[in-house]
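*Asks:* Dropping the structure in here first, questions after.
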Amino acid sequence: MPEESIEHINFDELNKKAISQPLVSHIYTADPSAHVFDGKIYIYPSHDIDAGEAFDDLGSHFAMEDYHVLSMDTIDSKAVDNGLALHVKDVPWAKQQMWAPDANEKDGKYYLFFPAKAHDDIFRIGVAISDSPTGPFKAESEAIKGSFSIDPAVFKDDDGSCYMYFGGLWGGQLQRWRTGEFRADQPESPTAFIPEDNEPALLPYVAKMTDNLLEFDEKAKEVEIIDENGDLLLAKDIDRRFFEAAWMHKHNGKYYFSYSTGDTHFICYAIGDNPYGPFTYAGKVLEPVVGWTSHHSICNVDGKDYLFYHDSSLSKGVTHLRSVKVIEINYNSDGTIQTIEPYRD
């Protein structure tokens, strides 16, 4: 649902038709990464604010500066805001734009993974540690070596190995790394260095983490997303190709890589046999929500998978003031996901 259409929306009616309501309404939250730790649900969202920045395709109006962790005792219980977990001023290497984070647990410690623009205006990914899943978190003094772009998602496999997936186009700068080095020219262009229509689409990256979850254990490699013929999706295939918001979950032994298509506003998914892929495109998880962005996570709670997502319904369509929501996911017998329509007809 493109942004230019919001003047036609009756938000009172839309919110009545919404399949779920915001988990919290006293602050704006987005990009929810949900996990269950010790039987309790923890959600690691972005904390949206209106910083007065001009709207542009680089995402300058997404000027978030800190994180709050939400928690829920059960999937039906009220979400609690646990207060400030980490602020950009407490991250030595970071300057601004604390975008979509994730978290995970290892040996009783909790790790918050987050992107931010460093002082050279290049996005990197950092780590902060706490003894509590709700923080406060203490950031490492430097970003992860070899990290770049945005939207880290850290998946813990059944053997305890952890893998970080990351990357995002346009303001997320992934296209500026096509040669392996950052290209800083044409800084005002969100689409400079994007592949041509008939070239393969840009791909997200994955790297196995070290045992202490503070570094990559290997050089990050591309995550291949292929069509039914085994061919890479093309850049012109904007309804299916990766844009941002990588996430990984497992269902019946298969690996489900899900992501946002960005400017076409779908959450899609692809299925593979191991954490590195390749992943074969399988369909849509979520139809477009109100607001330009769509970003999600999928978390198993008491044996059922839930989609945590956001929209801009509470702010009446303000793209950078979003609200986190949740709805159950259902699978077909062949393992495909039943596409979710966020607003009932």
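*Asks:* Return yes when Ala139 is without any contact (Cβ under 8 Å) to a residue 60 or more places away in the chain, closer than 27 Å to His87 by Cβ and among the hydrophobic types (A, V, I, L, M, F, W, C) and no when it is not.
*Replies:* Working: without any contact (Cβ under 8 Å) to a residue 60 or more places away in the chain: yes; closer than 27 Å to His87 by Cβ: yes; among the hydrophobic types (A, V, I, L, M, F, W, C): yes.
Considered against the rule, which asks whether it is without any contact (Cβ under 8 Å) to a residue 60 or more places away in the chain, closer than 27 Å to His87 by Cβ and among the hydrophobic types (A, V, I, L, M, F, W, C), Ala139 comes out as yes.
*Asks:* Determine whether Leu203 is assigned to a loop (DSSP other than H, G, I, E, B) and within 21 Å of Tyr255 (Cα to Cα).
*Replies:* So Leu203 passes the test.
*Asks:* I'd like the residue in the stretch 281-299 that is hydroxyl-bearing (Ser, Thr, Tyr) and in contact with a strand residue (DSSP E or B) (Cβ under 6 Å, 6 or more places away or on another chain) and, out of all such residues, is most open to solvent (accessible area, probe 1.4 Å).
*Replies:* In this case the residue turns out to be Tyr281.
*Asks:* While we're on this one: Does Asp157 count as touching a His at 6+ places or on another chain (Cβ under 8 Å) and either of a type in the set (Val, Ile, Thr) or touching a residue at least 40 places away in the same chain (Cβ under 8 Å) (or both)?
*Replies:* No.
*Asks:* Is there a residue in the stretch 187-194 that is small (Gly, Ala, Ser), open to solvent by less than 30 Å² (accessible area, probe 1.4 Å) and under 19 Å from Ala246 (Cβ atoms)?
*Replies:* No, the conditions are met nowhere in the stretch 187-194.
*Asks:* Condition first: within 20 Å of Asn104 (Cβ to Cβ), surrounded by fewer than 23 Cβ atoms within 10 Å (Cβ to Cβ) and not hydroxyl-bearing (Ser, Thr, Tyr). Now tell me which residues in the stretch 300-325 satisfy that.
*Replies:* Asn300, Val301, Asp302, Asp305
*Asks:* Across the stretch 226-278, what is the number of residues that are in a strand (DSSP E or B), farther than 19 Å from Asn300 by Cα and either modelled with pLDDT under 95 or open to solvent by less than 40 Å² (accessible area, probe 1.4 Å) (or both)?
*Replies:* 3
*Asks:* Filter the stretch 200-217 down to residues that are out of contact with any Phe, Trp or Tyr (no Cβ under 6 Å at 6 or more places or on another chain), within 25 Å of Thr179 (Cβ to Cβ) and open to solvent by 40 Å² or more (accessible area, probe 1.4 Å), then give me how many there are.
*Replies:* 3
*Asks:* Right, here's the next one. Pick out, from the stretch 42-143, the strands (runs of 3 or more DSSP E) lying fully within it that include 1 or more residues that are open to solvent by 30 Å² or more (accessible area, probe 1.4 Å) and of a type in the set (A, V, I, L, M, F, W, C).
*Replies:* Result: 80-87, 123-130.
*Asks:* A follow-up question, please. Can you report the number of residues in the stretch 152-175 which are among the charged types (D, E, K, R) and open to solvent by less than 10 Å² (accessible area, probe 1.4 Å)?
*Replies:* 0
*Asks:* Hey, can you tell me all the residues within the stretch 19-40 that are in a strand (DSSP E or B) and surrounded by fewer than 23 Cβ atoms within 10 Å (Cβ to Cβ)?
*Replies:* Matches in the stretch 19-40: His35, Val36, Phe37, Lys40.
*Asks:* What number of residues in the stretch 144-159 are closer than 16 Å to Asn212 by Cα, among the β-branched types (Val, Ile, Thr) and part of a loop (DSSP other than H, G, I, E, B)?
*Replies:* Number satisfying all stated conditions: 1.
The values are calculated or read from the model by the stated rules, or taken from the named source; none is laboratory data. Computed from a prediction, not measured in an experiment: that's the story for all the values here. Counting neighbours? That spans all protein chains shown, and the Cβs are built from the backbone with ideal geometry, glycine included. For accessibility, only protein heavy atoms count, side chains too; no ligands or nucleic acids. Shrake-Rupley method; radii C 1.70, N 1.55, O 1.52, S 1.80 Å.
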